[in-house]
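Just so you know, all these numbers are worked out from the coordinates, no wet-lab data involved. As the structure is a computational prediction, the values presented were derived from the model and not from experiment. Neighbour counts run over all protein chains shown; Cβ positions are idealised from the backbone, glycine included.
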Ligand SMILES: CC(C)(COP(=O)(O)OP(=O)(O)OC[C@H]1O[C@@H](n2cnc3c(N)ncnc32)[C@H](O)[C@@H]1OP(=O)(O)O)[C@@H](O)C(=O)NCCC(=O)NCCS
């Protein structure tokens, strides 16, 4: 993604008015899932357990991501990157990368407000989903287990231990040069 297109893209916390347009992206990106609006509305209302962000370009919502704290509000938060989606016409141009890299520091800031810190990140996806590469490149996540029989295909569970935001940002800045 060029510096110009990066500048045209805004990653921000979702507000209530974003739920319908974000649900449209969710519906298109996840054709096997249903009731996208209700799902995202629940996520939005569960703040700060879940934190929902959108990607906006030229006034249009083109992507979404949400992160969810696991197993209570801990001093070292274990956070799941629960879902990420980019509009099918806008995929593979770097928006997913920006969604992760720009929202995670905001997630960490929110966690820091209660005197806690971001610890590990968990993610799961289908074994055949190329998003594994995205998680490896952005977060340094590694496969920890594959579980069968949950969804329509085997699911890989990935973990990025002890997230160091400064290090991740430097690594990603070097990559985009
Ligand atoms: C997964 C998804 C969020 C990625 O967003 P994106 O904007 O397309 O991702 P990016 O353009 O930032 O690409 C990041 C990396 O993913 C991989 N990738 C992206 N598009 C790819 C494609 N068409 N084929 C193979 N790998 C691809 C590459 O490794 C890429 O890194 P690179 O730019 O260094 O080559 C998006 O494709 C999507 O919405 N998919 C449908 C929903 C989904 O499966 N979500 C994940 C499960 S929760």
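Structural remarks
- Whole-number percent relative contact order across the chain, with pairs defined as alpha carbons under 8 Å at least 6 apart: 17
- Note on region 25-45 and region 59-95: Cα centroid distance 13 Å, given to the nearest whole angstrom.
- In this simple spin-label model, placing a label point 7 Å from the Cα along the Cα-to-Cβ direction at both residue 12 and residue 38 gives a separation of 3.0 nm.
- When you count the other C-beta atoms within 10 angstrom of each residue and take the mean per peptide, 97-105, 11-19 line up highest first as 97-105, 11-19.
- Peptide packing for 38-48, 149-159 was compared via the average number of neighbouring C-beta atoms within 10 Å per residue; ordered from the highest value, the list is 38-48, 149-159.
- Pair residue 166, residue 142: separation of 7 Å Cα→Cβ label points (nm): 2.4
- For residue 127 and residue 73, a Förster radius of 25 Å and the Cβ-Cβ distance give a FRET efficiency of 0.20, rounded to the nearest 0.05.
- Here, the chain is characterised by an Rg to Rh ratio of 0.94, where Rg is the alpha-carbon radius of gyration and Rh the Kirkwood radius.
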